[in-house]
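See below for the structure under consideration.
The values are calculated or read from the model by the stated rules, or taken from the named source; none is laboratory data. Please read these numbers as outputs of a predicted model, since none were measured by experiment. Neighbour counts are summed over all protein chains in view; Cβ atoms, including those assigned to glycine, are modelled from backbone coordinates with ideal geometry.
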Amino acid sequence: MSGTITNWAGNITFGARRLAAPASVEELRELVAGSRAVRALGTRHSFNTIADTAGDLVSTARLPRVLDIDPRARAVTVSGGTRFGEMTGALHEAGFALHNLGSLPHISVAGACATGTHGSGDGNGTIASAVRAVTYVCAGGELVTTRRGDEDFAGSVVALGALGVVTELTLDLVPAFDVQQRVYEGLPLTALRENFDEVMSAAYSVSLFTRWQGGAIDQVWLKRRVEGSGPAAGADRWFGARRAGGPRHPVPGMAADACTPQGGLPGPSPLRLPHFRLEHTPSSGDELQSEYFVAREDAVAAFDALHAVRESFAPHLRVGEIRSVAGDDLWLSPAHRRDSVAFHFTWLPDPEGVGGALKVIEEALTPFAARPHWGKLFMTEPEALCGLYPEYGRFAELMKLRDPEGVFRNDFIGRLFAL
């Protein structure tokens, strides 16, 4: 492979022998059938080696774009390499929306679903929870489609790229809706602890941003659905927090130009639920990320456990985010069978310092059976992960069935699922 290819953050340099960008599904099938080792490359927004390979790295960027809206079924079939920001506008114009969106509209649908990526909201599951069918090229070049209700479906959505290269997904749609976004600053920690459920359920989507310093949450982003006409007035004070005096960026010191509109201005959900605009770079990219999911009922205790050791990890942090996620039945979803709260960490680009911080965080969260985000940095050992997922062994068996020769089994997958 001529030149070097890195992930979005620049902390991973891919070791593939070549990068292929097939222009058709048939070309992709031939490539997979003729390769001993393949991994799919999406928008490169992973922070570990989940997408790396010593064989063939396959970009889905040139595959024909599919965006087929079925109004009667309230579903959309979309090509796996499509970025969310490239499809949600068309959905809104057709009168539909996805139930939730992640922070970034820049990421691909297939990559987000494969790693359990999510938005926020007590009633909102991961993006993958909306998938009703997935089609992928598996080892040997066969094209496989599995649908909700099939025996192996729940293991085929959040699949870490270990079953094949996803070409299409069909997702549930909801009627289009508008959202207004307001930001509050300085939420006292005492108010958060005493009113955690009320705070996290105060809007359709709620994000708490904190640098884990001092006695308050730095920012609370409330994304409320707009019902009826006209914006609802925002209170100046809320649980002791004060309404922000202007647009804010989650990372202190960064301009808010890249962020979606705030201040209560109503707009289509795809232009409010993400934190960042598609046409802007969300940040410098010079960062690392980690995230851990705990059961909703353990959230306050987990917060207190992290707060007790904050001095060990806060110096390495750009900003943290806390969000709620509804449970689902997908085997490797970090929200599998439990409503969850996710603790996200955006780190400074200091791998050694971050490694030490992760040890402290994971030790603090051990009593709460914390599940790491598959596409971000973590140190949880395979033996511990196996105990965190009831269907872990079942997924390993599905890999054996779909990929007996290990075509899609890179070092990352091989370490987590010793077969």
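Odds and ends about this structure:
- Here Pro334 clears all of (1) crowded, with 22+ Cβ neighbours inside 10 Å; (2) touching a strand residue (DSSP E or B) at 6+ places or on another chain (Cβ under 7 Å); (3) outside any loop (DSSP other than H, G, I, E, B) except the condition numbered (3).
- Residue in region 91-105 that is surrounded by fewer than 17 Cβ atoms within 10 Å (Cβ to Cβ), touching an Asp or Glu at 6+ places or on another chain (Cβ under 9 Å) and either assigned by TED's automatic domain parsing to the domain that holds His336 or at pLDDT 95 or above (or both) present: no
- Subset of region 179-192 [at negative phi and touching an Asp or Glu at 6+ places or on another chain (Cβ under 9 Å)]: Glu185, Leu187
- In this structure, Phe293 qualifies as in a strand (DSSP E or B) and at pLDDT 95 or above.
- Only one entry of Leu31, Leu41, Leu57 meets the criterion of being farther than 22 Å from Pro268 by Cβ and touching a Ser or Thr at 6+ places or on another chain (Cβ under 7 Å), and that entry is Leu41.
- Selection of first residues in region 193-219 that are at positive phi and hydrophobic (A, V, I, L, M, F, W, C) and of second residues that are in a strand (DSSP E or B) and surrounded by fewer than 20 Cβ atoms within 10 Å (Cβ to Cβ), restricted to Cβ pairs under 6 Å at least 6 apart or on distinct chains, gives an empty result.
- Restricted to region 53-90, and to residues there that are in a helix (DSSP H, G or I) and buried (at least 22 other Cβ atoms within 10 Å of the Cβ), the residue that is farthest from the chain's Cα centre (by Cα) is Thr88.
- Considering the conditions (1) among the hydrophobic types (A, V, I, L, M, F, W, C); (2) surrounded by 20 or more Cβ atoms within 10 Å (Cβ to Cβ); (3) not in a loop (DSSP other than H, G, I, E, B), Leu19 is excluded by exactly one of them, (2).
- The combined condition, being closer than 21 Å to Arg72 by Cα, in contact (Cβ under 8 Å) with a residue 40 or more places away in the chain and not in a helix (DSSP H, G or I), is not fulfilled by Ala159.
- Being modelled with pLDDT of 95 or more, acidic (Asp, Glu) and either within 22 Å of the chain's Cα centre (by Cα) or farther than 18 Å from Ile69 by Cβ (or both) is a property that Glu168 has.
A quick yes/no check of all residues on (1) modelled with pLDDT under 95; (2) of a type in the set (Gly, Ala, Ser); (3) out of contact with any strand residue (DSSP E or B) (no Cβ under 8 Å at 6 or more places or on another chain):
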residue: Lys376; (1), (2), (3): no, no, no
residue: Thr380; (1), (2), (3): no, no, no
residue: Ala396; (1), (2), (3): no, yes, yes
residue: Asp411; (1), (2), (3): no, no, yes
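- Residues that are crowded, with 24+ Cβ neighbours inside 10 Å, of a type outside the set (S, T, N, Q) and part of a helix (DSSP H, G or I), drawn from region 113-133: Cys113, Ala114, Ile127, Ala128
- Of all residues in region 337-364, those satisfying the criterion of being under 20 Å from the mean Cα position of the chain (by Cα), over 9 Å from Phe313 (Cα atoms) and outside any loop (DSSP other than H, G, I, E, B) are Ser340, Val341, Ala342, Phe343, His344, Phe345, Thr346, Trp347, Glu362.
- Taking the criterion of being closer than 26 Å to Glu198 by Cβ and in contact with a His (Cβ under 8 Å, 6 or more places away or on another chain), the residues of region 232-267 that qualify are Pro250, Cys259, Thr260.
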